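Heads up: the structure comes next, in structure tokens.
The values are calculated or read from the model by the stated rules, or taken from the named source; none is laboratory data. Quantities reported herein were computed from a predicted structural model and do not represent experimental measurements. Quick reminder, even Gly has a Cβ in these numbers, built from the backbone with ideal geometry, and neighbours come from all protein chains shown. Heads up: the accessible areas ignore ligands, DNA and RNA and are worked out on the full protein's heavy atoms, side chains in. Shrake-Rupley method; radii C 1.70, N 1.55, O 1.52, S 1.80 Å.
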Amino acid sequence: MFTRCTILMAGLLALASPSRAATCDYILVSTTDFSTGSTSPLNPETKAATLNVESIHSDAVLRASGVDGLIYVVNRSGGDNIQVLDPCDGFATVHQFSTGNGSNPHDIVFYSAGKAYVSRYDMTSVLIMNPQTGATLGTINLAAFADADGLPEMDQMFLAGDYLCVLLQRLDRNNFYTPVGSGYMVVIDTATDTVVDMDAVAGGVQPVTLLRANPYSEVNLTILEGESVAYFSGTGYFGVLDGAVQSVSLANPATQAIILTDTAAGGDVLDVEIISDTIGYAIVATPSFTTILIQFNPSTGTKTGATLYAPGGYDLNDCEPYDLDGTLLLTDRKATNPGVRCFDLSTGAQVTVSPINVGLPPFDILLDVGVPTAAATPPVETRLGACYPNPFNPSTTIPFTLVRDGHVTLRVYDAGGRLVATLVDTTLPAGAHRAQWNGTNAVGHAVASGAYFARLETDGRTETGKLLLVK
């Protein structure tokens, strides 16, 4: 079943650095009329807003860092910079740094206190930078995954353990930004900042081909049956019912599933939140280009009941669950009465008589209310995950989780049951771990193509998974 929790991107890495925001719970709303922009915090208890606290770009999204507790404003098209706010100091700007002229940054993901990644929509490379100073540490070239217009349209990102996953929309700018085939997900090894080949059979370095075109919504992370899962929408062609909400396993980024189709939702899904195994919410753009809020059942992929809210225009942009009081917060940009609306998370009933005034029309909502991260949530059982890539050449990653501290062995055997290599033989703490096998035996010699088996043994439990080496 789904377990609702807030997951900061860096939380998956179990970083030891304390979050300054842990004592500064907040709800922050970015607002804009697409001429100017601002931030308006809401009191977490009363929902009262303090208007126009800090000026930001007119096209900006908000991201929280679990490393330093600061808020990072991604000032997108025309802004081309990252603005850093301190929630413990009245949301004042701490510093601001460029992501490159004409770069159009879309997302930022934090690996450590001194390393973050920024996706740049109008460039071909991911920026690696120090979030504390703004210093450039390097770039990762994704030009090989672009469509014919030369740009891959990199958008949202997330961390899967030590791997950075970057979603590519691949839109043809010479043809009204229409999707070119399926969207891609590029997987990057953060230890080397190089792209991982996710298909050993095909030539070259391959991405994960997504189940739908044009990955669009903000990536959300949750725990599904003890396993971390990322989910987002692939809208396909806007106005055509060809997209879906899909999930990606963080243990094996090549593992994907469809959660909700555009047909079932009644239009393009612009934003999605999964609350439990039976309750999810989505902002949907109908074929007539109006936006609505719906509730759906993630287990069945079907809409639940009637539409919850339909303002009549293209007015809804972001929704976020506020678990502490059981409400869903919704940005309503309706021209006559804009503001943040609240809905009961369980029933979907609106609980605000009128929207909360946040100044300019609301655009994006950021929550930090001290909910435990995924890294602090113990797995429900010890298990061996599916290796990736598989088939592989020359190396593969083997993930596993431990429900408690203990001695662990992870060994590779050939099809005849003979020991090939010992990858792990030590005591490890509870939590998520991974090992890599480079296709060599115990003395470092390359082994032949064929089927092999990884065997995990710990705490009286044994699990085995199949590996396929293809040369």
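Per residue, how much accessible area does segment 59-140 show when a 1.4 Å probe rolls over the protein heavy atoms, in square angstrom? Walk me through the intermediate numbers first.
Working: 2320 Å² over 82 residues.
Here the per-residue accessible area is 28 Å².
Helix-derived [θ] at 222 nm for the chain: sum -39500 (n - 2.57) over DSSP H runs of at least 4, divide by residue count, nearest 500? Working shown, then result.
On the way: 1 runs with 4 residues, N = 471.
Only helices count here, giving 0 deg cm²/dmol.
Send over a whole-number figure in Å² for the accessible area per residue of segment 162-304, probe 1.4 Å. Each step should come with its number before you reach the end.
Values: 4670 Å² over 143 residues.
With all protein chains present, segment 162-304 gives 33 Å² per residue.
Mind grabbing the accessible area of K466 for me, 1.4 Å probe, Å², rounded to tens?
Near enough 130 Å² of accessible area.
Calculate, in nm to one decimal, what R173 and A202 gain on full extension: separation in residues at 0.36 nm each, minus their alpha carbon distance. List each step's numbers first, then the result.
Working: separation 29, 0.36 × 29 = 10.44 nm, distance 2.77 nm.
Roughly 7.7 nm would be gained on extension.
Rg/Rh for segment 66-114: what does it come to with C-alpha atoms and Rh from Kirkwood? Before the final figure, lay out the partial values.
Numbers: Rg = 11.2 Å, Rh = 11.4 Å.
With Rh from the inverse mean 1/r over Cα pairs, Rg/Rh is 0.98.
Measure out, as a whole number of angstrom, how far apart the alpha-carbon centroids of segment 393-413 and segment 327-369 sit.
With segment 393-413 and segment 327-369 each reduced to a Cα centre, they are spaced 45 Å.
Determine the distance separating the Cα centre of segment 147-210 from the Cα centre of segment 270-308; give it in Å without decimals.
Spelled out, the Cα-based centre of one part sits 27 Å from the other.
Of the chain, which part is the longest with no GluC sites (Glu not before Pro) in a loop (DSSP not H, G, I, E, B) and with at most 15 other C-beta atoms within 10 angstrom?
Numbers: sites that count: E45, E225, E381.
Here the longest run is 46-224.
Give, in nm to one decimal, the length gained when the segment between D162 and K471 is fully stretched (0.36 nm per residue of separation minus the Cα-Cα distance). Please list the in-between numbers first.
Values: separation 309, 0.36 × 309 = 111.24 nm, distance 2.56 nm.
So the chain would gain 108.7 nm between D162 and K471.
Tell me the Rg and the Dmax, in Å, that the Cα atoms of segment 35-144 produce.
Cα radius of gyration and Dmax of segment 35-144 are 14.3, 50 Å respectively.
If I take all pairs of Cα atoms in the chain, what percentage of them are more than 40 Å from each other?
On the way: 20751 of 110685 pairs.
Counting every Cα pair in the chain, those more than 40 Å apart make up 19 percent.
For the chain, what % of the accessible area comes from carbon and sulfur atoms, probe 1.4 Å? Working shown, then result.
Numbers: 9130 of 17780 Å².
Reported share for carbon and sulfur atoms: 51 percent.
Hey, can you find the accessible area per residue of segment 397-465 for me, probe 1.4 Å, expressed in square angstrom?
Values: 3490 Å² over 69 residues.
Accessible area per residue: 51 Å².
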